[in-house]
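The values are calculated or read from the model by the stated rules, or taken from the named source; none is laboratory data. Not measured: the values here are computed from a predicted model. Note that we place each Cβ from the backbone using ideal geometry, even for glycine, and neighbour counts take in every protein chain shown. What goes into the accessible areas is simple: the full protein's heavy atoms, side chains included, and nothing from ligands, DNA or RNA. Shrake-Rupley method; radii C 1.70, N 1.55, O 1.52, S 1.80 Å.
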Amino acid sequence: MAQVISPPTILVSVDTQTDKASSKPLKRTHKSNTSISTKRKVPRSPLDRTQKLNLEVSPHRAVSAVRLMRIELGGAFADLLNEKGKGSGDNEMAYVERSLGFRTKALDDRDLRLVTDVVGGTIRWRRYLDHLICSLCHDENTFRSMEPLLLQILRIGVYEIVKLDMPPYAVVDENVTLAKVALRPGAGNLVNGILRKLVRVKENNSLPLPKLEGDDRAQARALAILYSHPVWMVRRWTKYLGQEEAIKLMVWNNSQPSFSLRANNGKGVTRADLVTQLNLLKVPHELSLHLDDFIRVKTGLQNVIQAGLLKEGVCAVQDESAGLVVSVVDPQPGESIVDCCAAPGGKTIYMASRLNGQGMVYAIDINKGRLRILTETAKSHQVNSFITTIEADLRLFADSNMVNYDKVLLDAPCSGLGVLSKRADLRWNRRLEDLEQLKNLQDELLDAASLLVKPGGVLIYSTCSIDPEENEERVDAFLLRHPEFCIDPADRFTAPLQLVLCGPCEEIFCAKIIDIYAVHGCTKKKSEMTN
């Protein structure tokens with residue numbers, strides 16, 4: 001009979017995949033004049049006057065507005081973290097120039113932090129901000145007909161006033177200047193009117209927000225505005241978790257994310273060595289409560305990047321939840337392990353580092369470019385000799401493959417509903433209909449992964465979703481199709497866990513780590529099963 005042990009109340013963040021932002025520029029919102037030759041004097045042109053005004057435009061607001069535009073159009077992600085560190089600011093200013101027709105002052109370290117904060121916060125709170133902007137407009141049509149750049153400038157201003165508590169009139173003046181320079185004087189006047197009205201109602205503690213009342217549908221709509229999530233997510237979480245827990249989850253999603261660093265044992269770097277480096281860089285940190293190689297970092301990640309610790313392979317940015325999945329796999333020297341959807345490779349590299357120089361991790365992914373990045377990172381971590389990359393669709397590879405492996409990890413494509421605090425834009429890019437497509441894909445991938453497991457081997461299934469239909473229900477459906485797999489407890493591998501114990505079998509378990517679902521299975525082919 002199945003036993004259920006209640007899950008812990010601690011939330012463990014999960015790993016997220018980051019992709020290189022597209023370099024496709026936006027269309028300019030206005031036509032710029034042709035460049036003026038410096039070989040002869042010419043009368044002052046409108047461009048000259050604009051260039052002079054641009055020096056007064058707030059750099060972090062200009063960059064934030066353009067980046068928000070690019071995110072909504074699908075050309076960028078919300079984070080600014082990359083190996084270039086300060087160079088990312090130069091990249092962003094180039095986008096400003098191509099999109100708006102001018103540059104501002106260069107971004108300093110404070111500006112970079114503000115861009116990250118403003119962009120992430122504005123995306124998280126988008127529904128809330130839009131409700132306030134619409135409520136403060138003369139009529140709803142004014143809001144509905146706003147051009148994208150004007151709307152982004154207003155969102156930035158409202159977020160800075162309401163959520164960041166920045167000096168209100170400085171926020172008003174600088175966002176008005178941006179609107180006038182980037183668009184036209186009339187746009188600046190509209191920004192001025194709306195933001196000044198916002199300042200007044202905020203000071204009077206009378207923000208026009210909905211009340212939590214009425215039937216379930218009305219309350220879901222109100223909660224969707226108050227906590228800035230799509231209505232369908234609110235209704236789904238209220239159904240599964242209850243309203244109180246759904247609100248806690250949304251508060252978590254809207255909080256500033258923290259990050260974890262993993263010391264690269266494969267290169268001989270211990271956690272104590274990494275602590276020493278962080279102390280020298282004056283980066284605040286605390287030790288992981290669950291994993292010996294991990295350190296939690298709330299701020300200062302740009303300092304780590306700029307010091308070259310990632311590029312040199314001293315450590316990796318990796319969530320503890322990804323480490324928990326690897327601890328469930330429990331790589332042992334001499335084992336052959338498959339990572340079915342491997343790129344960008346964080347778990348692959350961590351598993352390889354735990355083989356102690358004996359064994360192999362086979363990294364399968366359909367994306368050649370992301371496998372190339374995995375290979376480059378593995379070299380910097382000095383574990384490339386223990387990783388073999390395979391460019392393939394797992395479903396096709398499994399059908400033609402003649403080799404079985406000790407352990408198979410399927411970290412499946414999913415809705416990502418467990419990583420909304422870090423993927424701020426994801427909540428607006430997901431639809432309820434997406435879950436049906438993903439469930440079908442997850443079933444197909446699980447069936448394919450099961451063909452790679454040798455008799456007595458192990459299959460681990462994980463997602464970064466908290467939705468039961470992508471986790472427990474997929475496992476239950478898999479077990480109905482594959483009675484040769486069973487489930488066994490995982491408490492000896494890692495904690496904290498919710499355990500579902502389902503009868504005797506060797507080295508098989510199903511475990512939920514807040515937002516990770518894992519199946520550890522031993523197999524025999526159906527033809528080998530006895531009645």
Please verify whether region 226-239 includes one or more residues that are at pLDDT below 95, of a type outside the set (G, A, S), under 30 Å from the mean Cα position of the chain (by Cα) and open to solvent by 40 Å² or more (accessible area, probe 1.4 Å).
yes
With respect to D488, determine if the residue is assigned to a loop (DSSP other than H, G, I, E, B), among the charged types (D, E, K, R), modelled with pLDDT under 50 and crowded, with 17+ Cβ neighbours inside 10 Å.
no
Which members of region 113-124 meet the condition of being farther than 8 Å from H60 by Cβ and either surrounded by fewer than 22 Cβ atoms within 10 Å (Cβ to Cβ) or within 13 Å of the chain's Cα centre (by Cα) (or both)?
R113, T116, D117, G120, I123, R124
For the subset of region 308-333 comprising residues that are open to solvent by 30 Å² or more (accessible area, probe 1.4 Å) and in contact with a Gly (Cβ under 9 Å, 6 or more places away or on another chain), which member is nearest to R113 (Cα to Cα)?
V317
Among the residues of region 185-198 satisfying the criterion of being open to solvent by 70 Å² or more (accessible area, probe 1.4 Å) and not polar (S, T, N, Q), which is nearest to R70 (Cα to Cα)?
P185
Members of region 199-213 that are assigned to a loop (DSSP other than H, G, I, E, B) and either open to solvent by 100 Å² or more (accessible area, probe 1.4 Å) or of a type in the set (D, E) (or both):
N204, N205, K211, E213
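This table checks each residue for (1) over 25 Å from the mean Cα position of the chain (by Cα); (2) surrounded by fewer than 15 Cβ atoms within 10 Å (Cβ to Cβ).
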| residue | (1), (2) |
| --- | --- |
| L446 | no, no |
| S450 | yes, no |
| G456 | yes, yes |
| I460 | no, no |
| T463 | no, no |
| I466 | no, no |
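Going through region 267-305 one residue at a time, which ones are open to solvent by 40 Å² or more (accessible area, probe 1.4 Å), in contact with a Leu (Cβ under 9 Å, 6 or more places away or on another chain) and either of a type in the set (D, E, K, R) or under 27 Å from D108 (Cα atoms) (or both)? First the steps, then the outcome.
Step one: of region 267-305, the residues open to solvent by 40 Å² or more (accessible area, probe 1.4 Å) are 267-268, 270-273, 276-277, 279-282, 284-287, 289-290, 292, 296, 298-299, 303.
This time we only want the ones that are in contact with a Leu (Cβ under 9 Å, 6 or more places away or on another chain), so: 271, 277, 281, 284-285, 290, 296, 303.
Within region 267-305, R271, Q277, L281, P284, H285, R296, N303 meet the criteria.
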Among the residues of region 334-392, which ones are β-branched (V, I, T), surrounded by fewer than 24 Cβ atoms within 10 Å (Cβ to Cβ) and in contact (Cβ under 8 Å) with a residue 40 or more places away in the chain?
T377, T389
If we ask which residues in region 309-344 are more than 17 Å from T270 (Cβ to Cβ) and either assigned to a helix (DSSP H, G or I) or among the small types (G, A, S) (or both), their number turns out to be 13
Which of the residues that make up region 450-471 are touching a helix residue (DSSP H, G or I) at 6+ places or on another chain (Cβ under 7 Å), in a helix (DSSP H, G or I) and closer than 20 Å to R395 by Cβ?
E470
Identify all residues within region 421-436 that are in a helix (DSSP H, G or I) and either open to solvent by 30 Å² or more (accessible area, probe 1.4 Å) or closer than 20 Å to D319 by Cβ (or both); write none if there are none.
L426, R427, W428, N429, L432, E433, E436
If G357 meets every condition in (1) touching a Phe, Trp or Tyr at 6+ places or on another chain (Cβ under 8 Å); (2) of a type outside the set (D, E); (3) at pLDDT 95 or above; (4) assigned to a loop (DSSP other than H, G, I, E, B) apart from one, which number is that one?
(3)
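Any residue at all in region 97-106 that is assigned to a loop (DSSP other than H, G, I, E, B), within 28 Å of the chain's Cα centre (by Cα) and surrounded by fewer than 19 Cβ atoms within 10 Å (Cβ to Cβ)?
Filtering region 97-106 for residues assigned to a loop (DSSP other than H, G, I, E, B) gives 101-106.
Within this subset, residues satisfying the condition of being within 28 Å of the chain's Cα centre (by Cα) are 106.
Remaining after also requiring surrounded by fewer than 19 Cβ atoms within 10 Å (Cβ to Cβ): 106.
Yes, region 97-106 contains at least one residue that is assigned to a loop (DSSP other than H, G, I, E, B), within 28 Å of the chain's Cα centre (by Cα) and surrounded by fewer than 19 Cβ atoms within 10 Å (Cβ to Cβ).
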Could we say that L417 is modelled with pLDDT of 95 or more and either open to solvent by 30 Å² or more (accessible area, probe 1.4 Å) or closer than 20 Å to I460 by Cα (or both) here?
no
